[in-house]
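Every number here is computed from the coordinates shown, using simple stated rules; none is lab data. Owing to the predicted nature of the structure, the values given are computational and were not obtained by experimental measurement. Counting neighbours? That spans all protein chains shown, and the Cβs are built from the backbone with ideal geometry, glycine included.
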Amino acid sequence: MSIDEVLKIAATFGPDSLRAAIEQHVAEAVKRERDECARVCDDIRAYRPTTGAGGLIAEECAAAIRARAEKETK
């Protein structure tokens, strides 16, 4: 959503709609960032397989990111 769209919503529908639009935009941005972080952890594990703590840390990292995202979207 562009700033122009946000301003149009504010002018048309008022501050409550503006707040909802901003919250939705932020939630979508946070979800994209979390998905990317989880993919990075997966890539570390897939492309640089390690034994011991390194592999476990990458696996736990991806699982923790996904668990937190799921918890916050419920």
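Here is how the numbers come out for the structure above:
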{"read-out": "Estimated inter-spin distance, residue 16 and residue 66, nm [label 7 Å along Cα→Cβ]", "value": "3.8 nm"}
{"read-out": "Gained length - residue 29 relative to residue 3, 0.36 nm times residue gap less alpha-carbon distance", "value": "7.9 nm"}
